[in-house]
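Here's the structure, in structure tokens; my notes come after.
Coordinate-derived values only; no laboratory data. As the structure is a prediction and not an experimental result, all values here were calculated from the model. Cβ sites come from the backbone with ideal geometry, for glycine too, and all protein chains shown count toward neighbours.
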Amino acid sequence: MEKIYKIKVVPRAKEDKLMRLGEDELKIWLIAPPVDNKANFALIDFLAKNLKVKRGQISLIRGVNSRDKVVKIVF
């Protein structure tokens, strides 16, 4: 089973946190800066930890250089 999520990322936040905006939409605040893909790696780590999946089960489909991202998670 796989799930597609639209995610709005806010880098350089005071803490890592998550807010659900809808069925398949999330807003995630990350401490990591948007430099050298640090925010993308932090996003994948954050999702893996909170959804209890392995990092390899998460794919960044769209938005590598954007705050608006689309990720696929295979359960």
Seminar exercise, completed: For the chain, the longest principal axis of the Cα atoms and the Cα long axis of helix 38-51 enclose an angle in degrees, to the nearest 10, of 40
Seminar exercise, completed: Relative contact order of the chain (C-alpha contacts under 8 Å, at least 6 apart) in percent is 36
For this session: For segment 31-75, report the translational diffusion coefficient in µm²/s to the nearest whole number, using Stokes-Einstein at 20 °C, 1.002 mPa s, and a Kirkwood Rh over Cα pairs.
Result: 200
For this session: May I ask what percent, to the nearest 5, of DSSP beta bridges between residues of the chain are antiparallel?
Result: 75
Seminar exercise, completed: Of 43-51, 11-19, ordering from highest average Cβ density within 10 Å down gives 43-51, 11-19
Exercise. For segment 19-31, what does the Karplus curve 6.51 cos²θ - 1.76 cosθ + 1.60, with θ = phi - 60°, yield as ³J(HN,Hα) per residue in whole Hz, taken in order and with x for Gly and Pro?
Worked result: 9, 7, 9, x, 3, 10, 10, 10, 10, 10, 9, 10, 5
For this session: Could you run the Karplus curve 6.51 cos²θ - 1.76 cosθ + 1.60 with θ = phi - 60° over segment 58-75 and give me ³J(HN,Hα) per residue in whole Hz, x for Gly and Pro?
Result: 10, 10, 8, 7, 8, x, 4, 9, 10, 7, 8, 10, 10, 10, 10, 10, 9, 9
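Equivalent ellipsoid semi-axes for the chain, as square roots of 5 times the alpha carbon gyration tensor eigenvalues: give them largest first, rounded to whole Å.
Values for the chain, descending: 18, 13, 12 Å.
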Exercise. Based on the mean of other beta carbon atoms within 10 Å per residue, what is the order of 26-36, 56-66, most packed first?
Worked result: 26-36, 56-66
